[in-house]
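Report on the structure given below.
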Amino acid sequence: MSDCYLPRLGGIEVQVADLVRMQRQAGHEVEVATATRGEALPGVHRVVARMPFDLPVHPFGVRHLTRRMTLSRPDVVHVHTGAVSPFAWMGVRAAVRAGLPCVVTVHSMWDPLTRLVYRLLATAYGWQRWGLVATTVSTAAAAPIRAVAGRGVPVHVVSNGLDLSAWRTFSRGSTDSTAFTDSTAFTDSTAFTDSTAFTDSTASTDSTDSTDSTSSTVSAFAGHPRGGGADPREEVHIVAVGRLAPRKQPVRLLRLLGAARARVPAHIPLRATVVGDGPARASMERYLARHGMTGWVSLPGRYSREQIAKVLESADVFVAPAPRESFGIAALEARAAGLPVVARAQSGVADFVAHGTEGLLGRDLGALAQAVARLATDAALRERITAHNRETPPSAGSWPAVLDGFDRAYEQATRTAGRGDV
């Protein structure tokens, strides 16, 4: 159950669609309930109403969903939520009313305001006593949920599911675009480019947001291929991927890059490519012009999955600076492709990037700038991390592990179902 679903192509929608596909392949019978309008799809029930701005919510959702659940009696109800998901929580209430096991997956990092809202809802409705089982996508995302839910709701970490085989193939030297085919039909990395959002604010960040892809050329950004024996005086290419939205504050990324440039000796040339598009692009272009950075920082726009792979081929460092990144799909793809990743120590990226092993971590922009500068000036460190990332597949994102994690959550929810009263 999810507020949003296909044909929308945001991160939660795509992740839920992938999960449905993989669970069906594993032999489960899976149906979807959503408030998103769209064409009829097998096993998809669209509970829709005419709402302002086409919002995915239904004023009588609890009643409709309770009736459907009472008639169909599913073995478990799996609800997917972002920071604010009214229809999804209607599904939670309906499942509890019907006495059904209910697992709630939270795809976002709860900020202080979100935590306050859920505390108020707990006071009003007592949702901690409904016998729910919760999962979320990272250790960082789990901490604020546990702080609010207390002992009444077990919270497990089950990462987003990804097919990283294409990126692993690419990391071993293949850039054949056929690697990105049907097996990753729902996981185009451009669908997740908010996952490396550039925010330094306290806003909740969904683990999976969307940026559409458009065709453009990457030839202008294809520099030297990564490999052993790099001359430390050669150009160092830094890449970031993210939606350029004002709420993401991507200008902070440019400040990070400028601070890193100031720390790197002048004889080491730097080049940065920030892939993505959005309403903040104009302000970023003005910032680059004002600070004399247009000669080495490029904003090429939105890229397809294949185009991102081509950019990563020439990259030396990947930067994912968001402090409230609940997972970090683009960062995981870059790590699978072999790149050293620079990210926040307090973000979900820390689940698959250990400091000094898969990349470097920092808690603020200054520390991140220092980390980028260190990798730019220390070719041996860069090559050691790259070799490790190429040789060692990441454990996060494996579909067998994801399916097993949800199966365990379903079993626990079956044991706790019926304890709550809505």
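Here, each number is a calculation from the coordinates, and none is a lab measurement. Since this is a predicted model, take the numbers as computed values, not measurements. Because the Cβ atoms are built from the backbone with ideal geometry, glycine has one as well, and the counts that use them run over all protein chains shown.
Between VAL342 and PHE318, VAL319, ALA320, LEU360, the built amide H atoms are under 5 Å apart, and every one of these is 5 or more places off in sequence or on another chain. Over all Cα atoms in region 249-388, the spread is summed up by Rg and Dmax: 14.2, 39 Å.
Every Cα-Cα pair in region 369-422 was counted, and those over 14 Å apart are 72% of them.
With 0.36 nm allotted per residue and the present C-alpha distance subtracted, the ARG67-ARG255 stretch has 62.3 nm of extension available. Rounded to the nearest Hz, the phi-derived 3J(HN,Hα) couplings of region 60-71 under the Karplus curve 6.51 cos²θ - 1.76 cosθ + 1.60 (θ = phi - 60°) are 10, x, 4, 4, 4, 5, 4, 4, 5, 5, 5, 6, where x marks glycine and proline. Extending 7 Å from Cα along the Cβ direction at ALA380 and again at VAL157 yields two label points whose distance is 3.2 nm.
Local charge for ALA331 was computed over the other residues whose Cβ lies under 11 Å away, with Lys and Arg +1 and Asp and Glu -1, and equals -2.
Would you work out the Kirkwood radius for region 231-308? I mean one over the mean of 1/r across all pairs of different Cα atoms, in Å. Roughly 13.1 Å, rounded to one decimal.
For the pair ASP407 and SER165 in one chain, pulling the backbone fully straight at 0.36 nm per residue adds 84.8 nm over the alpha carbon distance. Packing-based ranking of 86-95, 330-339 yields 330-339, 86-95, ordered from highest to lowest mean Cβ neighbour count within 10 Å.
Using the Cβ-Cβ distance between ARG24 and ARG263 with R0 set to 56 Å, the FRET efficiency works out to roughly 0.65. The slack between HIS291 and LEU116, meaning 0.36 nm per residue of separation minus the straight C-alpha distance, is 59.0 nm. Of the peptides 307-317, 397-407, the ranking by mean beta-carbon count within 10 Å, highest at the top, reads 307-317, 397-407.
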